[in-house]
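The values are calculated or read from the model by the stated rules, or taken from the named source; none is laboratory data. Owing to the predicted nature of the structure, the values given are computational and were not obtained by experimental measurement. We place every Cβ from the backbone using ideal geometry, glycine too, and count neighbours over all the protein chains shown. Side chains are part of the model used for accessible areas, which takes the heavy atoms of the whole protein and leaves out ligands, DNA and RNA. Shrake-Rupley method; radii C 1.70, N 1.55, O 1.52, S 1.80 Å.
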Amino acid sequence: MKNTNLKFILIACLVLIASVKSYSQISKVEIIATGLTCSMCSNAINKQLKATVGVDSVSTDLNTNTFLVYFKKDSKVMPRVLKEGVEKAGFFIGSFVITMPVENLKAASDKTISLNGSTFILLNEGPNGSTGETKLKIYDKGYVTQKEYKKLLKMFSKVASYPLENEDDYHIKIII
Amino acid sequence: MRKLSIIFTLFLLQGLAAQELFVVTDPASNVPAGSLGIRLGQSIFKEQMKSGYSYHLMPEVTWGSNKNLMLRTSMFVSNRNSQLVTEGGSLYAKYRFFSTDDLNSHFRLAAFGRYSFNNADIHQETIEIMGHNTGFETGIVATKLIKKVAISSSVSFEKALDNKPNYPFPSTQGDHATNYSLSFGKLMYPKKYTNFKQTNINLMVEFIGQTINENGKSYLDAVPAIQFIIQSQARIDIAYRHELYSSMLRSAPNGIYLNLEYTFFNITK
């Protein structure tokens, strides 16, 4: 009886550890916003991103409209929430790059990665190393400029899930 | 007039206009969703048919309902009867239905509608539901932003109704009009941003026209303006409105605007 209890606790602990690990952390996101040149417009985006639950801080380069978003510990913010924030401010995203630890990018054989209920689909080869940080860029509609998306639709015509525009699927390329 | 054309030519030479937070017209872009803008608009116009000045005070509240819809309510106060009297109010909605953005540029289209009521006496042929007539207006606006320059143009239909309870719209005047506007704005300062606290300076010029549909009577005004954006959150506009041409009876076409505005971000979800 005692033995069963111990086993149960042990399994529970293992499951817990595994699940904690799978709630992996995005360390940083770099967003370039489009359609603006005034600092009041940038401020609208800045305030919107800062008000997002799970966001710790935002630093802004007003000349390039680049927003660096840092997250609170154990935050599970997914790209979609940040995209909606930028659009609520009245603008759009031109580039969206995620920085995260390589160990969280263990791709399954079909090149997909599950993360906090979302699916990341790799458009190129997986990461080279197994430690350190890696950067990945999202290529979905709403994460690149409208012009770029039109070109990408042709480029990725063989990727079945790409034109579906499913909000919780992210098509990514590892850039570093 | 000559000065105005020089200013306008300078704008053209610089590759065309500025930022799009215009003084008289509204661009196709909306205020951020969930934000609340409080504006205190004031204007002093010189009376043409009698001595003195007409003063109008126009407090406004603007709310970004969602990323495409903006709502605004305005109140009209004036000194026409020698003391400040609240004469009416207005409701305004604008819906952005098209937007194509690229790095540092955008092209947007929006449709808008406004309903105003006013109880003041009707003393001119010009139809102006912003502080003079009861009535409604509906139209579309297109705005193009290219780097530091914004160009915006609008066309609308405006219809005047009776200024109830005491002043029915004169049957001798045309009660509906076509309005058009062309606005240019340019960000002049800073050349390079360092932080949100920097004051931005925009120069603008707007051309505002109206034709009464029934009889073809028209006017065209030019409105040069300077605008200061303070701490990326507050706004001061100083503008001068000047009649370039008119074939209709207008009580006070020339004057000055002074608008103060403050935006509260993320007030509602």
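Structure values in brief
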{"quantity": "Any hit, segment B:45-52, residues being under 17 Å from B:M130 (Cα atoms) and surrounded by fewer than 17 Cβ atoms within 10 Å (Cβ to Cβ)", "calculated": "no"}
{"quantity": "Search result, residues across segment B:98-114 that are away from chain A (no Cβ under 14 Å) and surrounded by fewer than 18 Cβ atoms within 10 Å (Cβ to Cβ)", "calculated": "B:A111, B:G113"}
{"quantity": "Residue within segment A:131-145 that is closer than 15 Å to A:T99 by Cα and either part of a helix (DSSP H, G or I) or open to solvent by 70 Å² or more (accessible area, probe 1.4 Å) (or both) present", "calculated": "yes"}
{"quantity": "Sole residue being assigned to a strand (DSSP E or B), of a type in the set (S, T, N, Q) and open to solvent by 10 Å² or more (accessible area, probe 1.4 Å), chosen from B:T194, B:T178", "calculated": "B:T178"}
{"quantity": "Per-region count, segment B:154-170, residues farther than 13 Å from B:E125 by Cβ and open to solvent by 30 Å² or more (accessible area, probe 1.4 Å)", "calculated": "10"}
{"quantity": "Odd one out for A:G94 among (1) open to solvent by 20 Å² or more (accessible area, probe 1.4 Å); (2) part of a strand (DSSP E or B)", "calculated": "(1)"}
{"quantity": "Qualifying residue in segment B:119-128 (condition: open to solvent by 30 Å² or more (accessible area, probe 1.4 Å), out of contact with any strand residue (DSSP E or B) (no Cβ under 7 Å at 6 or more places or on another chain), on the phi > 0 side of the Ramachandran plot and at pLDDT below 95)", "calculated": "no"}
{"quantity": "Selection count where residues are buried (at least 17 other Cβ atoms within 10 Å of the Cβ) and not in a loop (DSSP other than H, G, I, E, B), scope segment A:78-91", "calculated": "7"}
{"quantity": "Cross-chain or 6+ apart pairs with Cβ under 6 Å, segment A:151-176 first and over 20 Å from A:G126 (Cβ atoms), then in a strand (DSSP E or B)", "calculated": "A:D168/A:S118"}
{"quantity": "Residue under evaluation B:Y262, criteria (1) part of a strand (DSSP E or B); (2) farther than 21 Å from B:S152 by Cβ; (3) touching a Leu at 6+ places or on another chain (Cβ under 6 Å), criterion not met", "calculated": "(3)"}
{"quantity": "A:S75 vs. criteria closer than 26 Å to A:P127 by Cβ, surrounded by fewer than 20 Cβ atoms within 10 Å (Cβ to Cβ) and either within 11 Å of chain B (Cβ to nearest Cβ) or in contact with a helix residue (DSSP H, G or I) (Cβ under 6 Å, 6 or more places away or on another chain) (or both)", "calculated": "no"}
{"quantity": "Residue within segment A:148-164 that is crowded, with 16+ Cβ neighbours inside 10 Å, touching a His at 6+ places or on another chain (Cβ under 7 Å), closer than 22 Å to A:E87 by Cα and not small (G, A, S) present", "calculated": "yes"}
{"quantity": "Qualifying positions in segment B:53-84 - aliphatic (A, V, I, L, M) and at pLDDT 95 or above", "calculated": "B:L57, B:M58, B:V61, B:L69, B:M70, B:L71, B:M75, B:V77"}
